[in-house]
Amino acid sequence: MRVSLWKPRTKPGFEGLTENGIDLMVETSKSGVSPATEVIMPRHAEKVVEAVLDATRDGKVLIWIGARNQNHFLQKEIAQIAAQNKRIYLLIKNQPWKSESHWQGIIEHVLEGGIDNKNLILCHRGFTPHGFENPHKMRNIPDYEMAMRIRLEYKLPMIFDPSHIGGNVENVLRVTQEAAQIDFDGLMVEVHPDPKNALTDAQQQLTWEQFDTMMKEWNEIKKQ
């Protein structure tokens, strides 16, 4: 379950619950659900994994390096923290600009941090649409072929982020159906009990009912 605590911002605004939300991750873990959050700095990763792993004997935690975090020193240090315990999983998203070699570089910097391949997950969240055809006015443009090449090259699971690609509910539902026909290993989706009152990215967040319907359609396509 995504319990994001630190929210990178293009302009000043709501930056997340920050460390005040770590108790929510602990509560989630105690309920038997593995919590996940983006971390910006290594100290964020340290505080989150320590709190969650101390709270349960068998609980797992997922931390991820977001698209905006392109400092390879930080990427490697966060990976080193994740490598310390098999109950810690690390997810890495592609960078905002379209470059296969840069995406490969992120993965290789993280692997140098010593994390086991079994604890590493990739995520495609699309590329900034500048210069691309964008008839649906999506927030970011997916490159399905590149994502599948990366997945095959590194032999790592690749999940799909329709929320940051779509940018609004209609697009989120549409690109999820596209992605279901490709060999992605899962989804990272933003869901909110009251999207209209969400403090950030309200236009791309699904209700629980929309999410349920979308996942039923995803599973039906995957069975074909």
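Of the residues making up the range 80-91, one or more are assigned to a strand (DSSP E or B), farther than 22 Å from Phe160 by Cβ, in contact (Cβ under 8 Å) with a residue 12 or more places away in the chain and touching a strand residue (DSSP E or B) at 6+ places or on another chain (Cβ under 9 Å). Pairing each residue of the range 152-169 that is farther than 14 Å from Gln204 by Cβ with any residue that is at pLDDT below 95 and of a type in the set (D, E, K, R), provided the two are 6+ apart or on different chains, yields no C-beta distance under 9 Å. Go through the residues of the range 54-66 one by one and say whether even a single one is surrounded by fewer than 15 Cβ atoms within 10 Å (Cβ to Cβ), acidic (Asp, Glu) and touching a residue at least 24 places away in the same chain (Cβ under 8 Å). Within the range 54-66, one or more residues are surrounded by fewer than 15 Cβ atoms within 10 Å (Cβ to Cβ), acidic (Asp, Glu) and touching a residue at least 24 places away in the same chain (Cβ under 8 Å). May I ask you to verify whether Met1 is under 24 Å from Thr200 (Cβ atoms), of a type in the set (A, V, I, L, M, F, W, C) and buried (at least 18 other Cβ atoms within 10 Å of the Cβ)? Spelling it out, it is not the case that Met1 is under 24 Å from Thr200 (Cβ atoms), of a type in the set (A, V, I, L, M, F, W, C) and buried (at least 18 other Cβ atoms within 10 Å of the Cβ). Looking only at the range 97-110, residues that are assigned to a helix (DSSP H, G or I) and in contact (Cβ under 8 Å) with a residue 40 or more places away in the chain come to 6 in all.
Scanning the range 113-140 for residues that are surrounded by 13 or more Cβ atoms within 10 Å (Cβ to Cβ) and either part of a helix (DSSP H, G or I) or on the phi > 0 side of the Ramachandran plot (or both) returns Asn119, Gly126.
To keep it simple, each residue is scored yes or no on (1) of a type in the set (Gly, Ala, Ser); (2) over 23 Å from His164 (Cα atoms); (3) touching a His at 6+ places or on another chain (Cβ under 6 Å).
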| site | (1), (2), (3) |
| --- | --- |
| Met1 | no, no, no |
| Ser4 | yes, no, no |
| Lys7 | no, no, no |
| Thr10 | no, no, no |
| Asp23 | no, yes, no |
| Val26 | no, yes, no |
| Gly32 | yes, yes, no |
| Ala36 | yes, no, no |
| Val39 | no, no, no |
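The number of residues in the range 186-196 being loosely packed, with under 13 Cβ neighbours inside 10 Å and acidic (Asp, Glu) comes to 1.
The values are calculated or read from the model by the stated rules, or taken from the named source; none is laboratory data. Just so you know, these numbers come straight off a predicted model, no measurement behind them. Glycine gets a Cβ as well: all are built from the backbone with ideal geometry, and neighbour counts include every protein chain shown.
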